[in-house]
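What follows is one structure encoded as structure tokens, with my remarks underneath.
The values are calculated or read from the model by the stated rules, or taken from the named source; none is laboratory data. Computed from a prediction, not measured in an experiment: that's the story for all the values here. Cβ coordinates were reconstructed from backbone atoms using ideal geometry, including for glycine residues, and neighbour counts include every protein chain displayed.
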Amino acid sequence: MKDQTASRLRLRSRRFVFIAATAVALLITGYAALAGYQVWAVYDFEKTYAPPGQLVDVNGTEMHLLCSGSGAPTIILEAGAGSWSLDWHLVQSRLSQDVRVCSYDRAGTGCSGERAAPRSIDNLVLELDALLTSAQLEPRYGRRIVRRHDCSAV
């Protein structure tokens, strides 16, 4: 009776280890497949679709800038962390009926190239200023309005 109980316990523990190992293997395989798909999807997107705005050279990095409308002041829209300029599409299309509106992708996001400098508040401010200067978006009537979303508002 003792041998049967011990034998059943060993069998159950082997089954548990097998099931757990199989579940972990499936999770790792699934994650690898999703990561591979993400890499392929980004590559395919970049190859197939041109950025909707213009690419502006900022200190050796191409940054994406999308401007629409006319008038003063110029409103600059900055997307939040993990977002990009197209997240502002509905807001930008409405505001551009009255004023000039520009949205952009920070270096390393959206359609912009990779960043050369580390990400810090100071570098983000310098990056935006260099982008607006390179794109010749001088403030009209001495003003630009910058509207930030989420973590970019820090």
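Here are the numbers for this structure:
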quantity: Test: residue in segment 68-76 that is surrounded by 13 or more Cβ atoms within 10 Å (Cβ to Cβ) and under 19 Å from the mean Cα position of the chain (by Cα); calculated: yes
quantity: Residue in segment 86-97 that is β-branched (Val, Ile, Thr), in the same structural domain as GLN136 (by TED's automatic domain parsing), surrounded by 13 or more Cβ atoms within 10 Å (Cβ to Cβ) and not in a loop (DSSP other than H, G, I, E, B) present; calculated: yes
quantity: Residue selected from segment 107-137 under the condition of a type in the set (S, T, N, Q) and in a helix (DSSP H, G or I), by the criterion surrounded by the fewest Cβ atoms within 10 Å (Cβ to Cβ); calculated: THR133
quantity: Filter result (buried (at least 22 other Cβ atoms within 10 Å of the Cβ) and more than 18 Å from the chain's Cα centre (by Cα)) within segment 56-67; calculated: VAL58
quantity: Residue in segment 1-13 that is touching a strand residue (DSSP E or B) at 6+ places or on another chain (Cβ under 9 Å) and not in a helix (DSSP H, G or I) present; calculated: no
quantity: Residue list for segment 41-63, filter: assigned to a loop (DSSP other than H, G, I, E, B) and within 15 Å of SER85 (Cβ to Cβ); calculated: TYR49, ALA50, PRO51, PRO52, GLY53
quantity: Inter-residue pairs, beta-carbon under 7 Å, first acidic (Asp, Glu) and in segment 7-27, second surrounded by 10 or more Cβ atoms within 10 Å (Cβ to Cβ), 6+ apart; calculated: none
quantity: Exclusive hit being within 22 Å of VAL42 (Cα to Cα) and either modelled with pLDDT of 85 or more or charged (D, E, K, R) (or both), set ASP150, ASP87, ASP129; calculated: ASP87
